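Undergrad: Here's a structure for you.
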Amino acid sequence: MWRGLWTLPMRAARGLCRSCSNRGSGAAAPGSGATIFALSSGQGRCGVAVIRTSGPASGPALRSLTAAQDLPPARSARLRLLSDPRSGEPLDRALVLWFPGPQSFTGEDCAEFHVHGGPAVVSGVLQALGGVPGLRPAEAGEFTRRAFAHGKLSLTEVEGLADLIHAETEAQRRQALRQLDGELGRLCHDWAETLTTALAHVEAYIDFGEDDNLEEDVLERGGTRPSMGTGTPWHLRAVFFLIPSLCLPLANSAVQGLQAALGAHLRDARRGQRLRSGAHVVIAGPPNAGKSSLVNLLSQKPVSIVSPEPGTTRDVLEIPVDLAGFPVLLSDTAGLRQGVGLVEQEGVRRARARLEQADLILAVLDASDLASHSSCDFLDTVVARMGAQSSNGSSQRLLLVLNKMDLLSHEGPGPKPDLPPHLLLSCLTGEGLEGLLEALRKELAVVCGDPSTGPPLLTRARHQHHLQGCLDALGQYKEARDLALAAEALRVARRHLTHLTGGGGTEEILDVIFRDFCVGK
């Protein structure tokens, strides 16, 4: 008997785990009864264009365009003559593929037509498909949304696919592939299973203690129980002493470990968002230090005007660039000095404001003019201040770059021997650029996170919102003075994790996620 009672919480845990493991939303995809079609490859002339269909009429559409009685073997390419089913006019000789559901991207019957990429060919095949009964053009992101609705992709994997499509740098590609591979989803699923087991323990304690007058501070005391009379049968005494004494300590331990893991991920949340949208790198320094030349060197194009006249740059100039494989929004700013005119003064004010927003500051000085008032003032007001903030735990980073090293003697920038750590560079000759790029790579790996190692990063505000909600609910669990309230807090925490991976998501949230997908994906 006691064996059966002891396994009750474990059976409850396994049952709740199964209910949380469904990767799909449970909601039908928009227009799920229809068969959709779209051009999945890029627009314009190309060697091969891919047109795909998804839905119950995919098989009849494939037979209609190929005038064949039988479908080709599943997942095998076959060369077929495509013809308009209404007029019989030949359209193209193309490769066709047949993907019967549920072993397909969307989980439905799918067909692909790999045609020659001329606009007339693509237009002709799309018009022919539009004439097949039961087919309609796909909406943006509808193929992926059907894959999500049929449990082929979790919501975090859908977001990884979107990020992969829009990835422009090596780091973004690596991060998107990890998310598409399901790393973040699996991590959240493991956390949800931990909460499920903790909830089963708490509910088992409630069930076994209904007639035992549990005290209000039972969570704080770790599950101690009042003593039972000696007349109670030994097997019931074993159950009622063993289960309470083990269930709540196990639940509390699981919650404590989960709080630590969630806290670590939330403290790291901004890195993933920077990796997805770009880190903000600001180039600052006194006039004529070579800031605009450095912007042009890093962006590999003449973005900023370079002139020997001080104060040439009056406004903040921004350009997105790929620096050492990381996405960066690079800002060129006005030289920091007491402006001689109203326009330059406004430029200096904007430059100082942009410094406050920077993730990484590239502080540029003229290596041949370190003793000047403007250089000393910049070192004291910007470089030294940033060094003090970094020692106090500030997230901002700074790299000191001494430009115009081609004007120095071989001994280096000797006029200020007390300089902080720095890099030597010549924007004119390119000497020192490799060292600067390597230093930038290391700094950006700290700012954005290294997508090749470590736990999966949180790349969206939605991820951070649900993890913060989960952490807040766990805090309510720890503060609960009643077991029923504690159990409800665990349910709320688990619900946040389920929403993060797509379970129970509202249509409004799904619409926001899928609206940035292209038609045909």
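Undergrad: Regarding the range 407-430, can at least one residue be identified that is charged (D, E, K, R), modelled with pLDDT of 85 or more and either closer than 21 Å to residue 284 by Cβ or out of contact with any Asp or Glu (no Cβ under 7 Å at 6 or more places or on another chain) (or both)? It would help to see each step written out before you state the result.
TA: Filtering the range 407-430 down to residues charged (D, E, K, R) leaves 411, 416, 418.
Next, only the ones that are modelled with pLDDT of 85 or more stay: none.
Scanning the range 407-430 turns up no residue that is charged (D, E, K, R), modelled with pLDDT of 85 or more and either closer than 21 Å to residue 284 by Cβ or out of contact with any Asp or Glu (no Cβ under 7 Å at 6 or more places or on another chain) (or both).
Undergrad: What are the residues in the range 498-514 that are in contact with a Gly (Cβ under 9 Å, 6 or more places away or on another chain) and either modelled with pLDDT of 90 or more or in a helix (DSSP H, G or I) (or both), if any?
TA: Result: 498, 499, 500, 501, 510, 513, 514.
Undergrad: Inspect all residues belonging to the range 115-133 and state whether any of them is within 32 Å of the chain's Cα centre (by Cα) and touching a residue at least 12 places away in the same chain (Cβ under 8 Å).
TA: Quick first cut of the range 115-133, residues within 32 Å of the chain's Cα centre (by Cα) only: none.
No, that holds for no residue.
Undergrad: Hey, can you tell me all the residues within the range 173-211 that are modelled with pLDDT of 90 or more, outside any helix (DSSP H, G or I) and closer than 26 Å to residue 487 by Cβ?
TA: Residues satisfying the conditions do not exist here.
Undergrad: Taking only pairs six or more apart or across chains, which ones have beta-carbon atoms under 7 Å, a first residue in the range 469-488 that is free of Cβ contacts under 8 Å to residues at least 40 places away in the same chain, and a second residue that is surrounded by fewer than 19 Cβ atoms within 10 Å (Cβ to Cβ)?
TA: That search, which allows pairs on different chains as well, returns 473/492.
Undergrad: Hey, could you check the range 48-95 for residues that are under 38 Å from the mean Cα position of the chain (by Cα) and among the polar types (S, T, N, Q) and say which is nearest to residue 38 (Cα to Cα)?
TA: The selected residue is 53.
Undergrad: State which residue pairs qualify: first residue open to solvent by less than 40 Å² (accessible area, probe 1.4 Å) and inside the range 489-511, second residue of a type in the set (Val, Ile, Thr) and modelled with pLDDT of 70 or more in any location, beta carbons under 6 Å apart, and separation of 6 or more residues or different chains.
TA: Partner pairs satisfying both residue conditions: 501/156.
Undergrad: Taking the condition of being more than 16 Å from residue 500 (Cβ to Cβ), assigned to a loop (DSSP other than H, G, I, E, B) and open to solvent by less than 20 Å² (accessible area, probe 1.4 Å), how many residues in the range 132-164 meet it?
TA: Qualifying residue count, the range 132-164: 3.
Undergrad: Whether any residue in the range 153-176 is of a type in the set (Ser, Thr, Tyr), within 27 Å of residue 278 (Cβ to Cβ) and in contact with a strand residue (DSSP E or B) (Cβ under 6 Å, 6 or more places away or on another chain) is what I want to check.
TA: Initial filter on the range 153-176 (of a type in the set (Ser, Thr, Tyr)): 154, 156, 169.
Still in the running and within 27 Å of residue 278 (Cβ to Cβ): 154, 156, 169.
Next, from what is left, pick out any that are in contact with a strand residue (DSSP E or B) (Cβ under 6 Å, 6 or more places away or on another chain): 169.
Checked against the condition, which is being of a type in the set (Ser, Thr, Tyr), within 27 Å of residue 278 (Cβ to Cβ) and in contact with a strand residue (DSSP E or B) (Cβ under 6 Å, 6 or more places away or on another chain), the range 153-176 yields at least one hit.
Undergrad: Can I ask one more? Could you grab the pairs with beta carbons closer than 7 Å, sequence gap of 6+ or different chains, first residue in the range 157-173 and closer than 20 Å to residue 329 by Cβ, second one among the aliphatic types (A, V, I, L, M) and open to solvent by less than 20 Å² (accessible area, probe 1.4 Å)?
TA: 163/176; 167/176; 171/275; 172/275
Undergrad: Quickly run through the range 427-437 and pick out the residues that are polar (S, T, N, Q) and part of a helix (DSSP H, G or I). I'd like the intermediate steps shown before the answer.
TA: Just the residues of the range 427-437 that are polar (S, T, N, Q), to begin with: 429.
Correct list: empty.
Undergrad: Mind listing whichever residues of the range 367-398 are within 22 Å of residue 430 (Cβ to Cβ) and either open to solvent by 20 Å² or more (accessible area, probe 1.4 Å) or modelled with pLDDT under 85 (or both)? Steps first, answer last, please.
TA: Initial filter on the range 367-398 (within 22 Å of residue 430 (Cβ to Cβ)): 367-370.
Once the filter is applied, which keeps residues that are within 22 Å of residue 430 (Cβ to Cβ) and either open to solvent by 20 Å² or more (accessible area, probe 1.4 Å) or modelled with pLDDT under 85 (or both), the range 367-398 yields 368, 369.
Undergrad: Taking the range 76-131 as the region of interest, how many residues are surrounded by fewer than 13 Cβ atoms within 10 Å (Cβ to Cβ) and either over 18 Å from residue 59 (Cβ atoms) or acidic (Asp, Glu) (or both)?
TA: Going residue by residue through the range 76-131, those that are surrounded by fewer than 13 Cβ atoms within 10 Å (Cβ to Cβ) are 76, 79, 86-90, 93, 102-103, 119-120, 123, 127, 130.
Checking which are either over 18 Å from residue 59 (Cβ atoms) or acidic (Asp, Glu) (or both) leaves us with 79, 86-90, 93, 119-120, 123, 127.
Result for the range 76-131: 11.
Undergrad: Right, something else. Would a scan of the range 340-356 turn up a residue that is touching a Ser or Thr at 6+ places or on another chain (Cβ under 6 Å), modelled with pLDDT of 85 or more and over 21 Å from residue 442 (Cα atoms)?
TA: Step one: filter the range 340-356 for residues touching a Ser or Thr at 6+ places or on another chain (Cβ under 6 Å), giving 351, 354.
Then keep just the ones that are modelled with pLDDT of 85 or more; that gives 354.
The next check asks that each one be over 21 Å from residue 442 (Cα atoms); those that pass are 354.
For the range 340-356, residues touching a Ser or Thr at 6+ places or on another chain (Cβ under 6 Å), modelled with pLDDT of 85 or more and over 21 Å from residue 442 (Cα atoms): present.
Undergrad: Name every residue in the range 438-456 that is assigned to a helix (DSSP H, G or I), open to solvent by 50 Å² or more (accessible area, probe 1.4 Å) and more than 17 Å from residue 277 (Cα to Cα), in order of residue number.
TA: We begin by selecting, within the range 438-456, every residue assigned to a helix (DSSP H, G or I); these are 438-448.
After this cut, where a residue has to be open to solvent by 50 Å² or more (accessible area, probe 1.4 Å) as well, the list is 438, 441-442, 446.
438, 442 - these are the residues of the range 438-456 that are assigned to a helix (DSSP H, G or I), open to solvent by 50 Å² or more (accessible area, probe 1.4 Å) and more than 17 Å from residue 277 (Cα to Cα).
The values are calculated or read from the model by the stated rules, or taken from the named source; none is laboratory data. Since the structure is predicted, the reported quantities are computational estimates derived from the model, not experimental observations. Counting neighbours? That spans all protein chains shown, and the Cβs are built from the backbone with ideal geometry, glycine included. Just the protein is used for accessible areas: all its heavy atoms, side chains included, with ligands, DNA and RNA removed. Shrake-Rupley method; radii C 1.70, N 1.55, O 1.52, S 1.80 Å.
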